[in-house]
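Below is one structure, written out as structure tokens; the observations come after it.
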């Protein structure tokens with residue numbers, strides 16, 4: 001039997017969801033704290049330690065470990081052969097987990113309250129930076145595993161079309177290597193030596209520029225598995241076919257190529273970069289909206305096909321005809337809804353001029369909770385329900401609880417994030433633990449804060465149901481048959497695809513050139529300008 | 001490669017949306033001169049309080065020859081200095097802000113005054129306030145445990 005990665009996949013997935021649960025509890029504490037209604041629990045030290053931990057767990061731990069676990073299963077199940085090197089997969093897991101624990105200690109003890117963006121010159125304990133770097137290094141080993149699995153399969157199956165789910169997973173691995181280089185350079189050449197006292201000063205403007213290199217495409221690193229599930233699992237589970245295999249490949253390629261060289265939309269308000277390069281990055285940022293818009297079409301079309309096959313009639317009848325008792329179908333539809341809402345918000349953030357009105361307000365925080373916590377994470381949860389039987393050989397403990405949990409997740413996320421966007425439009429700044437401002441705005445903010453507490457509570461309840469269901473599923477009834485062939489079939493299954501849609505050589509070349517154009521001069525300029533650096537500061 | 005005709009139509013719609021959005025931003029940048037703050041200028045955070053443009057006696061609002069206003073401020077834990085600024089309404093105001101300590105960000109709600117303040121660099125933003133009254137400068141980037149308390153007052157007063 002070729003599936004030799006079940007244990008390592010499961011290990012990664014459990015680390016992901018354990019981190020997820022801890023982070024949710026912290027999230028509820030934060031929203032309650034910030035409302036100002038419970039002065040007994042208010043503490044700046046605890047709040048900012050909590051936010052830092054919450055951000056690292058959700059943004060780096062949940063995501064990386066989920067992606068690694070899902071990737072191992074995909075490699076086995078689509079390529080129908082053992083992992084390229086299973087020992088290395090365990091090395092990746094150990095390094096990543098070791099790094100996570102190393103970073104968690106200062107985080108949880110208040111020695112790394114620098115938030116998940118860790119902008120200098122605020123300085124955390126060096127163990128935080130080293131731990132975070134190890135987590136990334138572990139993920140690089142996973143990338144190697146994914147790439148080599150595909151490369152060796154292609155060598156042994158010349159001329160064959162790489163299965164779509166593995167093509168997407170490999171695209172994600174390559175994109176992650178390109179984009180994580182930015183934060184790796186920041187860590188290795190700035191933050192780690194500086195926090196260890198080996199360097200007296202560093203340039204915070206350069207640090208922000210390097211981090212921006214990673215900051216956009218990392219969200220696509222997170223989003224890719226959600227899209228992979230939408231393209232290659234959801235259509236079949238819904239009872240239909242994938243509308244277009246080729247368009248899915250094109251979407252993956254566009255995400256790989258465009259999402260890295262566009263980080264300056266995170267730096268629109270920064271003084272160390274100039275208008276010209278900000279404008280250039282804006283153009284690319286609007287380009288990267290295109291694969292998402294294409295994905296929306298293809299996935300909706302696939303679902304419509306499934307609905308009509310089930311008897312749905314009329315313009316919208318196919319929606320009701322879908323199997324709403326199936327967790328993946330529920331998650332897919334809710335994810336698409338939240339993608340539309342969050343996506344339009346994202347376009348405002350990406351706007352060269354309008355960003356001024358929302359930058360570093362709570363609009364941004366509301367946006368990424370909706371698009372990440374909503375669209376991406378709900379697909380992670382549904383994919384977990386899909387993977388568990390395949391990895392354990394047992395049925396999900398309660399399918400109906402899974403469906404309810406997913407609905408609650410989306411509803412809770414909407415209750416949480418809609419007022420959050422409004423708070424941003426009403427001028428509330430980001431990253432505050434309370435609102436001691438001498439302004440009538442504070443009273444205007446208050447009802448929205450309260451609504452957000454309700455959202456947070458619903459999300460915590462939903463997360464509880466999720467973890468409970470998965471735990472119970474380890475002891476549920478075994479299944480007679482577990483199939484590794486539950487991948488969606490395209491309406492027109494490709495018998496062959498152009499080399500450029502079966503590999504990545506051309507796209508790597510384009511990324512390399514585009515990165516030199518988009519980041520070359522901006523980084524070199526900072527090295528030449530040599531702005532006086534900053535010593536470490538505590539918080 | 002086979003592309004469904006409906007999908008082809010959608011691709012044209014997507015292209016159209018993209019062109020309209022990018023076109024409007026390009027127009028606003030070139031014709032209306034609307035850009036995010038983009039002055040690149042270095043300064044030494046360790047000595048800016050001792051000599052030069054940002055010593056304490058030079059902070060605040062000054063009127064330029066053409067009637068526009070230049071406001072020099074320092075963002076430092078945990079306030080913006082001077083803590084109260086008065087500027088006339090309907091007049092171009094250029095803010096020059098820098099930090100001697102850590103990262104800050106500042107925005108005035110309901111206006112387009114917004115910028116990051118990065119130690120080692122001088123941020124420059126030019127805007128015109130259209131409404132008289134009292135407003136707040138709010139720090140919007142985490143700068144330490146006192147970040148919540150970092151704010152200052154802006155008064156927009158009648159011209160002349």
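For the reader, a short list of remarks on this structure follows.
- Residue among A:127, A:92, A:96 that alone is within 21 Å of residue A:181 (Cα to Cα) and more than 22 Å from the chain's Cα centre (by Cα): A:127
- Criterion: over 23 Å from residue A:266 (Cα atoms) and either at pLDDT below 95 or not in a strand (DSSP E or B) (or both) - qualifying residue of B:90, B:101: B:90
- Comparison of A:105, A:147, A:141, A:130 shows that the only residue that is away from every other protein chain (no Cβ under 14 Å) and surrounded by fewer than 17 Cβ atoms within 10 Å (Cβ to Cβ) is A:105.
- When the range B:1-10 is limited to residues that are part of a helix (DSSP H, G or I) and within 7 Å of chain A (Cβ to nearest Cβ), the one that is farthest from the chain's Cα centre (by Cα) turns out to be B:7.
- Screening residue B:127 on (1) more than 20 Å from residue A:207 (Cβ to Cβ); (2) more than 10 Å from chain A (Cβ to nearest Cβ); (3) in a strand (DSSP E or B) shows it passes everything except condition (2).
- Filter pass, residue A:339 being more than 27 Å from residue B:142 (Cβ to Cβ), touching a helix residue (DSSP H, G or I) at 6+ places or on another chain (Cβ under 9 Å) and modelled with pLDDT of 95 or more: yes
- Residue match in the range A:483-499 (condition: more than 23 Å from residue A:230 (Cβ to Cβ), in contact with a helix residue (DSSP H, G or I) (Cβ under 6 Å, 6 or more places away or on another chain), surrounded by 11 or more Cβ atoms within 10 Å (Cβ to Cβ) and in contact (Cβ under 8 Å) with a residue 12 or more places away in the chain): no
- Screening the range A:429-531 for helices (runs of 4 or more DSSP H) wholly inside it with 3 or more residues that are closer than 21 Å to residue A:163 by Cβ returns the ranges A:505-515.
- Just one residue in the set B:20, B:102, B:93, B:71 is under 18 Å from residue B:151 (Cβ atoms) and more than 7 Å from chain A (Cβ to nearest Cβ); that residue is B:71.
- Residue within the range A:244-255 that is out of contact with any helix residue (DSSP H, G or I) (no Cβ under 8 Å at 6 or more places or on another chain), outside any helix (DSSP H, G or I) and either within 10 Å of chain B (Cβ to nearest Cβ) or within 30 Å of residue A:203 (Cα to Cα) (or both) present: no
- Some residue of the range B:124-144 being in contact (Cβ under 8 Å) with a residue 60 or more places away in the chain and over 16 Å from residue B:76 (Cβ atoms): yes
- Single condition residue A:296 does not satisfy, out of (1) farther than 21 Å from residue A:376 by Cβ; (2) within 12 Å of chain B (Cβ to nearest Cβ); (3) assigned to a helix (DSSP H, G or I): (1)
- Filtered residues of the range B:23-68 (kept if at the interface with chain A (Cβ under 9 Å from one of its Cβ atoms), without any contact (Cβ under 8 Å) to a residue 12 or more places away in the chain, surrounded by 12 or more Cβ atoms within 10 Å (Cβ to Cβ) and part of a loop (DSSP other than H, G, I, E, B)): B:34, B:35, B:36, B:38, B:47
- Condition check for residue B:87: within 14 Å of another protein chain (Cβ to nearest Cβ), surrounded by 11 or more Cβ atoms within 10 Å (Cβ to Cβ) and over 30 Å from residue A:122 (Cβ atoms): no
- At least 1 residues being away from chain B (no Cβ under 14 Å) is the threshold, and among the helices (runs of 4 or more DSSP H) wholly inside the range A:323-382 those reaching it are A:327-350, A:362-368.
- Restricted to the range A:501-529, and to residues there that are within 14 Å of chain B (Cβ to nearest Cβ), exposed (fewer than 15 other Cβ atoms within 10 Å of the Cβ) and without any contact (Cβ under 8 Å) to a residue 24 or more places away in the chain, the residue that is nearest to residue B:120 (Cα to Cα) is A:528.
- Index of the failed condition, residue A:269 passing every other in (1) within 14 Å of another protein chain (Cβ to nearest Cβ); (2) part of a helix (DSSP H, G or I): (2)
- Residues within the range A:388-404 that are surrounded by fewer than 24 Cβ atoms within 10 Å (Cβ to Cβ), assigned to a helix (DSSP H, G or I) and in contact with a helix residue (DSSP H, G or I) (Cβ under 9 Å, 6 or more places away or on another chain), tallied: 9
- Only one of the numbered conditions (1) at negative phi; (2) over 19 Å from the mean Cα position of the chain (by Cα) is not met by residue A:168, and that is (2).
- Taken over the range A:216-242, residues that are out of contact with any strand residue (DSSP E or B) (no Cβ under 8 Å at 6 or more places or on another chain) and within 14 Å of another protein chain (Cβ to nearest Cβ) amount to 0.
The values are calculated or read from the model by the stated rules, or taken from the named source; none is laboratory data. These numbers were taken from a predicted model, which means no experiment stands behind them. Backbone-built Cβ (ideal geometry, glycine too); neighbour counts: all protein chains shown.
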